[in-house]
Amino acid sequence: MRWLVLALLCLQLGEGMVRIPLRKGRSMRELMREKGMLESFLKGDPGRKYQLSNAVAYEPLTNYLDSFYFGEISIGTPPQNFLVLFDTGSSNLWVPSTYCQTPACAKHNRFDPSLSSSFSGISVNYTLSYGFGDLSVTLGYDTVTIQNIFVRNQEFGLSLDEPSRPFYYLDFDGILGMAYPGIAISGYNTLMQNMLQQSQLAEPIFSFYYSRNPTYNYGGEVILGGLDPQLYSGEVLWAPVVQELYWKISIEEFSIGPSATGWGGPGRHRPVGPRAVFFRPISGHFISAFLQALGAEESDYGFAVDCSNVPSMPTLYFAISGAQLPLPPSVYVLNNNGICTVGVESTYVSSASGQPLWILGNIFLRQYYSIFDMANNRVGFA
């Protein structure tokens with residue numbers, strides 16, 4: 001099956017639709033543990049980027065810290081290549097640049113504006129905030145190329161300063177935000193907006209497929225301009241976006257095995273996208289009850305369980321648009337060289353309704369092909 005999926009990458013696609021292979025790097029957790037910085041890294045709040053402030057094709061993906069999948073794009077004329085995180089939780093595009101001289105920038109591919117005949121500067125600086133750190137950028141315009149898609153006069157950030165923690169250790173160079181314009185730098189079109197306005201997509205849709213057995217060279221695919229029926233079976237379950245900032249949907253109920261928890265219901269919203277964990281409960285009470293139900297204990301490696309108990313652990317159920325989407329323990333428990341941990345992390349993310357806000361990340365999305373419909377403001381699962 002692996003070779004069949006890889007072979008699909010070679011198929012000719014329709015005009016206006018590209019397949020971008022995704023790569024999966026070593027997990028951030030492994031990298032931080034190697035450098036003796038895991039504890040300090042975990043003290044950061046991964047949901048911080050969801051707290052808004054004013055400063056703020058088929059493509060292969062790669063996985064990182066059990067968190068990130070990334071693929072290649074190009075910027076400039078002639079093109080300069082970068083590995084970027086395809087991020088549905090942010091809306092800005094940025095890459096390291098030669099303006100930045102920190103060790104984090106020097107370790108990565110850097111955009112050199114002097115080498116691009118199509119570059120024009122804006123002389124506007126911003127600070128961009130993410131769950132794993134902040135960086136400062138200056139803005140410019142240039143051509144962005146993704147496979148056979150060409151987006152001209154695209155605004156993007158050129159990094160001025162990137163702190164070593166964690167940017168030095170990241171396997172990808174920059175970030176390509178795919179959320180709504182409402183959380184982008186004001187006054188400039190996002191890459192997704194320009195793709196649509198410049199008629200670069202066959203349909204106003206992008207979709208993600210994650211391999212259940214990812215490697216660095218093949219972690220899955222992001223498809224710009226459509227979806228691939230060969231990567232899923234059955235009907236697509238659609239959920240409307242409830243707020244056009246992040247790809248936020250409502251979940252009616254969350255169940256551990258056959259028992260409903262009461263943690264779902266009206267007002268419980270979940271951003272969906274390629275992230276490290278399948279949910280991050282807003283309340284410590286939820287996470288404590290969840291871990292107790294699974295028999296998990298906090299450890300230096302995360303929320304650990306006995307690997308021999310995984311087959312008998314309960315299946316989790318997410319009620320979305322009237323259907324139950326199961327997540328078996330073989331999916332939500334990560335086995336790293338005989339150390340088994342639950343793919344969950346806790347954070348505080350504010351919400352206008354005061355109801356819990358969770359993130360359905362790549363643990364969930366390895367189980368379900370996900371489709372982001374920009375025209376109809378809805379998310380599909382299959």
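The values are calculated or read from the model by the stated rules, or taken from the named source; none is laboratory data. Just so we're clear, the structure is a prediction, and the values are computed from it rather than from any experiment. Reconstructed Cβ throughout: ideal geometry from the backbone, glycine too, with neighbour counts over all protein chains shown. Side chains included, ligands, DNA and RNA excluded: accessible areas come from the protein's heavy atoms. Shrake-Rupley method; radii C 1.70, N 1.55, O 1.52, S 1.80 Å.
Descriptive notes on the structure:
- The criterion of being assigned to a loop (DSSP other than H, G, I, E, B), among the polar types (S, T, N, Q) and on the phi < 0 side of the Ramachandran plot does not hold for Asn194.
- Any hit, the range 212-222, residues being modelled with pLDDT of 95 or more and open to solvent by 20 Å² or more (accessible area, probe 1.4 Å): no
Matching residues to (1) under 28 Å from Pro271 (Cβ atoms); (2) of a type in the set (S, T, N, Q); (3) within 23 Å of the chain's Cα centre (by Cα):
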| site | (1), (2), (3) |
| --- | --- |
| Phe82 | yes, no, yes |
| Tyr126 | yes, no, yes |
| Asp142 | no, no, no |
| Asn153 | no, yes, no |
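- Considering only residues in the range 320-333 that are buried (at least 17 other Cβ atoms within 10 Å of the Cβ) and of a type in the set (A, V, I, L, M), the one that is farthest from Leu237 (Cα to Cα) turns out to be Val333.
- Residue under evaluation Phe172, criteria (1) part of a loop (DSSP other than H, G, I, E, B); (2) out of contact with any His (no Cβ under 9 Å at 6 or more places or on another chain); (3) open to solvent by less than 10 Å² (accessible area, probe 1.4 Å); (4) over 21 Å from Gln198 (Cα atoms), criterion not met: (2)
- Scanning the range 196-217 for residues that are more than 15 Å from Arg19 (Cα to Cα) and touching a Phe, Trp or Tyr at 6+ places or on another chain (Cβ under 9 Å) returns Gln198, Pro214.
- Answer from Phe303, Phe279, Phe286 - the residue that is at pLDDT below 90 and under 18 Å from the mean Cα position of the chain (by Cα): Phe279
- Residues located in the range 119-138, provided they are in contact with a Lys or Arg (Cβ under 8 Å, 6 or more places away or on another chain) and either modelled with pLDDT of 95 or more or surrounded by 19 or more Cβ atoms within 10 Å (Cβ to Cβ) (or both): Tyr130, Gly131, Gly133
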